[in-house]
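A short write-up of the structure that comes next.
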């Protein structure tokens, strides 16, 4: 029996911005059940890389495959049923309720001019409950706090039900309780067979949740591998320009600024 393709594959991928490279020669395979955390200092190109992995901007060179096929080879719209992106910001140009905003995640599954049905609404309400926003379903989106708005964005992504979750700073604006709850939920989705790629700034949360780490140096270089190999104090100190000390803490290491 032929093995199923990786959820996400890159082969000698090069991602570039004007006048500088984000990464060169990136080879990675993300399998079901794996969580990849992208790390790097501010301006290293983490969001740019994530949007490239989502198929929203072209790579400079190399191959990028979603479930074994290039984005251009997927029938129009089908890729949105396979991968979902949580962007850093959520602009709200029009008035809408929290429930209506969450239902946006069902659009890839609707035929042209079709409206959401009872099953779609049930999925959306369940996702809002998962992020603790069920009681806000009828509230207007503009009246939410930053953390509440972030949780609605996460709910909309859960409503999409992709196989690959691409998360750009998913815990931004969230308090500690909701940070852990959100990351725990994506860890559960990975354990159920999804692939998760997320940009984080907290090294200790990366150590807790990542199976693999991609560390960008901001100059086109990178280090990729199992988290236990990449998350080393000396390597991280060089990458972030500040000395760090690793402190054992049960199953994980804690990284403490010196």
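The values are calculated or read from the model by the stated rules, or taken from the named source; none is laboratory data. Just so it is clear, the model here is predicted, and its values are computed rather than measured. All Cβ positions, even for glycine, are placed from backbone atoms using ideal geometry, and neighbour counts span all protein chains on display.
Kindly indicate whether any position in region 136-146 is assigned to a loop (DSSP other than H, G, I, E, B) and buried (at least 21 other Cβ atoms within 10 Å of the Cβ). No, there is no match, as no residue in region 136-146 is assigned to a loop (DSSP other than H, G, I, E, B) and buried (at least 21 other Cβ atoms within 10 Å of the Cβ). Residue count for region 66-85, restricted to those that are over 15 Å from residue 9 (Cβ atoms) and at pLDDT 95 or above: 2. Exactly one residue out of 253, 200, 215, 183 is modelled with pLDDT under 95 and touching a helix residue (DSSP H, G or I) at 6+ places or on another chain (Cβ under 6 Å): that is 253. Residue 157 meets the stated requirement of being in a helix (DSSP H, G or I), touching a strand residue (DSSP E or B) at 6+ places or on another chain (Cβ under 9 Å) and not assigned by TED's automatic domain parsing to the domain that holds residue 231.
Taking region 130-164 as the range and being closer than 23 Å to residue 66 by Cα and without any contact (Cβ under 8 Å) to a residue 40 or more places away in the chain as the test, no residue passes. Of all the residues in region 72-106, those that are more than 24 Å from residue 172 (Cβ to Cβ) and surrounded by fewer than 17 Cβ atoms within 10 Å (Cβ to Cβ) number 7. Of all residues in region 30-53, one or more are on the phi > 0 side of the Ramachandran plot and buried (at least 20 other Cβ atoms within 10 Å of the Cβ).
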